[in-house]
Amino acid sequence: MQLVTAAEMQKIDNYTVETIGMPQDVLIERAAMAVLEVIGAGHFNLEHILVLAGLGNNGADGVAIARLLYAQGFNVSLQFVGNVARAKDTVQRQLAIIEKHGLVRAEKSDFNQATLIIDAIFGTGLNNILPEGLQKMIKAANHIEKAVIAVDTPTGIDATTGEVRGAALKAHTTVTFGYNKIGLTQKVGGYLSGHVVVKDIGLLTPADMTFSQPERLENDTTD
Ligand SMILES: NC(=O)C1=CN([C@@H]2O[C@H](COP(=O)(O)OP(=O)(O)OC[C@H]3O[C@@H](n4cnc5c(N)ncnc54)[C@H](O)[C@@H]3O)[C@@H](O)[C@H]2O)[C@@H](O)CC1
Ligand SMILES: [K+]
């Protein structure tokens, strides 16, 4: 299996979108569909699904996931973390769709009511310690031990090193896109990611791509 750093994943994302010309919204839709597959295949309690979304592409995946769940008739709440006015274009486009679709954003989340939490706050774009308010929220969410599915990476885990950036939302399952990330296999990140499922969403790798960590065979147990 090939493991990648956050920077390598960003290079692959950029190549797919900028060089190949795959629309980002297509990748977001495929990412959301991949997460729905994992939700459907698991034994999660789907009575009340809470989607926590950030302001970048990880958040855009989250809005698309909430929309697909809503369209299937699930009881879903979508809550943003951060000021939506500052969200990336990809998020704004997803928001414009759900507005017409009828899914209303929740102003405040009730963790106690949720039977499943979808973590789409930060993914491979995480580059700093989490804001203090978010750290508090994450610690409170970890405390009540709800089932969490992380989108691409658990929020707060550095995808390259597996270190916790202030606080991290513990996942039961992490659905990661394209390649598994080194940080989801090492240190605390390995534990907090739970069961990691790698999903193909149509990302394309440049032919001359080099990776910092050599590919390992599935049954290779050497370090
Ligand atoms: N780029 C693409 O083409 C695709 C990206 N995808 C998703 O997009 C994610 C990466 O998206 P982004 O690069 O937009 O990044 P994120 O959505 O992970 O983060 C959003 C932004 O938050 C800011 N940020 C980082 N750390 C912060 C901190 N500690 N406190 C406050 N703000 C902080 C950064 O400006 C970052 O770009 C992936 O994990 C994946 O889920 C998928 O939708 C597939 C396609
Ligand atoms: K996430």
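The values are calculated or read from the model by the stated rules, or taken from the named source; none is laboratory data. This one's a predicted model, so the numbers in the text were calculated from it and none came from an experiment. No Cβ is skipped: glycine too gets one built from the backbone with ideal geometry, and neighbour counts run over all protein chains shown.
Looking only at the range 96-145, residues that are polar (S, T, N, Q), closer than 22 Å to V35 by Cα and away from ligand 1 (no atom under 16 Å from the Cβ) come to 4 in all. Within the range 96-113, identify whether any single residue is more than 14 Å from ligand 2 (Cβ to nearest atom), β-branched (V, I, T), modelled with pLDDT under 95 and part of a loop (DSSP other than H, G, I, E, B), and answer yes or no. Yes, the range 96-113 contains a residue that is more than 14 Å from ligand 2 (Cβ to nearest atom), β-branched (V, I, T), modelled with pLDDT under 95 and part of a loop (DSSP other than H, G, I, E, B).
The set of residues from the range 72-94 being of a type in the set (S, T, Y) and within 14 Å of A60 (Cβ to Cβ) comprises just one member, T90. Of all residues assigned to the range 126-134, at least one qualifies as being within 13 Å of ligand 2 (Cβ to nearest atom), buried (at least 19 other Cβ atoms within 10 Å of the Cβ) and assigned to a loop (DSSP other than H, G, I, E, B). Evaluated against (1) under 14 Å from the mean Cα position of the chain (by Cα); (2) surrounded by 22 or more Cβ atoms within 10 Å (Cβ to Cβ), I49 falls short on exactly one condition, (1). Sub-8 Å Cβ pairs linking a first residue in the range 4-19 that is within 18 Å of G56 (Cα to Cα) to a second residue that is of a type in the set (K, R) and within 16 Å of ligand 2 (Cβ to nearest atom), at least 6 apart or interchain, are A6/K181; M9/K181, ordered by first then second residue.
For first residues located in the range 194-215 and closer than 17 Å to D152 by Cα, partners that are loosely packed, with under 13 Cβ neighbours inside 10 Å and not small (G, A, S) and lie 6+ apart or on another chain with Cβ distances below 7 Å form the pairs L204/I20.
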